[in-house]
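Colleague: Right, I'll just put the structure down here and ask away after.
All of the numbers you see were taken from the coordinates with simple rules; none came from a lab. Since this is a predicted model, take the numbers as computed values, not measurements. Here the Cβ positions follow ideal geometry from the backbone for every residue, glycine too, while neighbour counts run over all protein chains shown.
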Amino acid sequence: MSGLITEPTDDIRRFMARDHRLFIDGLWVAPGSNRLIEVENPSTEEVIARLHSASLADLDRAVAAARGALDGPWGRMPPAARAKLMYRLAGLMEAAALDLGQLSTLENGMPLWMSMDKLAAFCPELVRYYAGWCTKVTGDTLPAVPLRGEGDDWLVYTLKQPVGVVGAIIPWNAPASMITLKAAPALAAGCTMVLKPAEMTPLLAIRFTELIEEAGFPAGVFNLVQGYGDDIGDGIARHPGIDKVAFTGSTAVGKAIVRAAADDLKRVSLELGGKSPFIVCADADLDVAAPSAAAACFFLSGQNCMAGTRLFVEESIAEEFEERLVAAAATFTLGDGFAPGTMIGPVISAKQLARVKGFIDEAESVGARRIFGGNVPGGKGHFVEPTVFADVTPDMRLAREEVFGPVLAVQRFSQDNERELLARVNGTTYGLSGSVWTRDIGRALRLAKHVDSGQVGVNAHAAVSPETPFGGNKQSGWGREFGREGLDAYLKTKAVSVNLGPHLGG
Ligand code: NAD
């Protein structure tokens with residue numbers, strides 16, 4: 001369907017021009033702050049929507065509404081009824097894929113085929129996956145006998161209960177996935193939510209919230225507050241009425257959230273930055289590995305936490321592989337997400353473009369060899385060509401810091417020194433994702449075991465699925481999303497020890 005649309009539909013233009021509101025306690029209400037949020041289309045630099053931030057008083061009301069729902073109809077709702085609402089939401093998301101996809105492309109810049117794919121398939125599937133869990137959250141019965149309780153009979157069991165009110169703070173790089181990934185497990189666990197989207201991408205969240213309303217979730221279960229990080233984001237992290245902060249974003253802000261949340265020791269889960277390795281051994285299927293390496297880095301214009309931005313290639317095939325990389329990079333057509341044939345869009349902002357260009361210029365000045373791209377085309381939009389650097393050394397900033405742009409750093413390794421390779425692979429403060437490309441099963445599994453990341457692909461990169469836990473080691477985060485572990489992050493365990501009295505016949 002995305003191929004048929006080459007410009008925003010009239011419906012979406014009307015949507016963007018609307019008076020945008022917050023959603024609190026089941027009602028669309030005017031924001032209480034005068035602080036303006038201007039939403040820019042990064043492909044055209046046009047301001048496509050204007051809205052106002054929530055005030056801290058709005059945030060208080062949203063938190064109170066979330067607490068009320070938890071203590072009220074939502075808390076009492078049978079799990080099967082919760083699941084039914086979630087299945088309905090998934091269907092509505094599919095039906096609204098055109099709206100949601102266009103909004104993603106307009107506010108984030110990603111190609112329409114990509115935003116539509118996610119919304120027609122991945123995000124609703126994720127909601128369905130977690131909907132299935134609603135009726136399967138169980139505790140255990142334990143063969144336990146408390147200390148000095150041997151004379152009595154006992155029933156000891158655990159209850160899994162919702163953590164409570166969740167404050168979700170998300171980034172701009174994949175609005176639909178980020179919202180779904182927070183809302184689906186939280187709702188399945190029986191939590192309620194106050195969501196703050198990134199100030200650059202507030203629009204998709206509004207349409208998503210309309211679907212929550214249409215699906216029939218009780219008032220207060222899901223609340224939308226717009227705002228910046230330094231007011232509403234920080235307000236969520238500090239709010240005493242919030243039980244858990246679920247955050248995705250940069251490592252620096254993750255640390256600020258942990259500090260702010262420390263006052264009342266609320267729970268915090270963090271999905272942060274990455275600098276993931278892509279390891280190509282000489283015996284890999286290069287026809288697959290080379291285009292996959294380009295895609296692993298350039299997907300979402302490199303604004304993707306799990307991007308494979310550090311490529312390690314075995315010395316004996318390095319020259320050939322670099323040539324193949326250049327050929328693969330050349331297929332990543334830059335453009336407006338609505339233009340047919342666009343493979344990657346712009347980066348999110350002028351500031352982000354300057355940051356990416358800074359990395360490119362610095363890498364060149366310290367001796368990395370630019371073998372593809374690196375230019376900023378003239379004209380409107382925050383575009384930067386997909387870029388490949390060879391001869392990158394571990395001390396260069398490009399080899400250590402997250403660029404969050406389409407810049408691939410290639411290093412070489414020698415076949416007989418896996419220990420040295422792994423020292424370089426693991427020599428960053430990050431540990432989010434990674435992949436190993438080889439036909440040698442022993443080598444693949446050995447390297448996969450020792451790459452210090454939350455997930456590693458073998459002959460695949462960023463193989464994300466609803467069932468598979470995803471998250472970071474080291475400064476890439478705390479906790480896991482997706483799968484059973486993603487649900488557990490929204491549950492707390494209560495142990496109940498029941499003294500049944502003296503043993504029968506005792
Ligand atoms: P960011 O950290 O600047 O912003 C993320 C969110 O945090 C935004 O909503 C922002 O308003 C809010 N925020 C900013 N300052 C805050 C504060 N002091 N207190 C509370 N909230 C605050 O990140 P970004 O630039 O929007 O996104 C890019 C980063 O996100 C990259 O580092 C990327 O790797 C990371 N990311 C990680 C994952 C993952 O799953 N690990 C996924 C996507 C993006």
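Colleague: With the calculation restricted to Cα positions, what are the radius of gyration and Dmax of the chain in angstrom?
Modeller: 24.2, 89
Colleague: Given H placed 1.01 Å from N in the peptide plane, which residues other than close sequence neighbours of LEU432 have an amide H under 5 Å from its amide H?
Modeller: Here LYS275, GLY454, ASN473 satisfy the definition.
Colleague: How would you order 199-207, 76-84 from highest to lowest mean count of nearby Cβ atoms within 10 Å?
Modeller: Sorting 199-207, 76-84 by mean packing, highest first, produces 199-207, 76-84.
Colleague: Go through segment 420-434 residue by residue and turn each phi into a ³J(HN,Hα) via Karplus (6.51, -1.76, 1.60, θ = phi - 60°); whole Hz please, and just put x for glycine and proline.
Modeller: 5, 4, 5, 4, 6, 4, 8, x, 10, 7, 9, x, 9, 9, x
Colleague: In addition: For helix 79-95, what angle does its Cα long axis make with the longest principal axis of the chain, in degrees from 0 to 90 and rounded to 10?
Modeller: 30
Colleague: When Rg is the radius of gyration of the Cα atoms in segment 1-114 and Rh is its Kirkwood radius, what does Rg/Rh come to?
Modeller: My calculation puts Rg/Rh at 1.04.
Colleague: Now, a different point. Does a label point 7 Å from the Cα of SER349, set along Cα-to-beta-carbon, have any residues of segment 167-186 with amide nitrogen under 11 Å, and which are they?
Modeller: From segment 167-186, the list is 172.
Colleague: Taking a quarter of the surface of the convex hull around the Cα atoms of segment 1-49, what do you get in nm²?
Modeller: 5.1
Colleague: By how many degrees, 0 to 90 and rounded to 10, does the Cα axis of helix 286-298 deviate from the longest principal axis of the chain?
Modeller: Tilt relative to the chain: about 70 degrees.
Colleague: Follow-up question, since we're still on this one. Once the Cα atoms of segment 404-483 are picked out, what are the Rg and Dmax in Å?
Modeller: 13.2, 37
Colleague: Next question, about the same structure. Pull up all non-local amide H partners of ILE279: gap of 5 or more, or a different chain, and H-to-H distance under 5 Å with H placed in the peptide plane.
Modeller: Correct list: PHE312, SER435, VAL436, TRP437.
Colleague: Of the listed pairs LYS182/LYS494; LYS182/LYS474; LYS182/LYS449; LYS275/LYS494; LYS160/LYS244, which have alpha-carbon separations greater than 26 Å here?
Modeller: Cα-Cα > 26 Å for LYS182/LYS449; LYS275/LYS494; rest within.
Colleague: Please list, in order along segment 328-342, the HN-Hα scalar couplings obtained from phi with the Karplus expression 6.51 cos²θ - 1.76 cosθ + 1.60 (θ = phi - 60°), rounded to whole Hz, x for Gly and Pro.
Modeller: 5, 4, 5, 7, 8, 5, 7, x, 5, x, 8, 7, x, x, 5
Colleague: Here's something else I'd like to know. May I ask for the net charge around ALA284, where only other residues with Cβ less than 12 Å from the Cβ of ALA284 are counted and Lys, Arg are +1 while Asp, Glu are -1?
Modeller: -3
Colleague: Would you mind checking which residues have amide H under 5 Å from ALA49's amide H? H placed 1.01 Å from N; only 5 or more apart, or other chain.
Modeller: Those qualifying (amide H under 5 Å, at least 5 residues apart or on another chain) are VAL39.
Colleague: Give, in nm to one decimal, the length gained when the segment between GLN161 and VAL29 is fully stretched (0.36 nm per residue of separation minus the Cα-Cα distance).
Modeller: Gain on extension, GLN161 to VAL29, equals 44.4 nm.
Colleague: Mind checking the angle between helix 123-133 and the chain's longest principal axis? C-alpha axes, 0 to 90 degrees, to the nearest 10.
Modeller: Here the helix axis deviates by roughly 30 degrees.
Colleague: For the peptides 439-446, 183-190, what is the packing order when you average, over each peptide's residues, the other Cβ atoms within 10 Å and list the highest mean first?
Modeller: Ranking, from highest mean packing down: 183-190, 439-446.
Colleague: For a quick protection proxy, order the peptides 243-251, 49-57 by their average other-Cβ count within 10 Å, most packed first.
Modeller: Final packing ranking: 243-251, 49-57.
Colleague: Give, in nm to one decimal, the length gained when the segment between PHE122 and HIS503 is fully stretched (0.36 nm per residue of separation minus the Cα-Cα distance).
Modeller: Answer, rounded to one decimal: 131.8 nm.
Colleague: Can you give me the distance in nm between label points at LEU265 and ASP440, each placed 7 Å from the Cα along the Cα-to-Cβ direction?
Modeller: 5.0
Colleague: Let me ask something else. Two-decimal Rg/Rh of segment 119-183 from alpha-carbon positions, Kirkwood Rh?
Modeller: Across segment 119-183, the Cα-based Rg/Rh ratio is 1.25.
Colleague: Got the relative contact order for segment 228-348 handy, in percent, Cα pairs under 8 Å and 6 or more residues apart?
Modeller: The normalised contact order for segment 228-348 reaches 20 percent.
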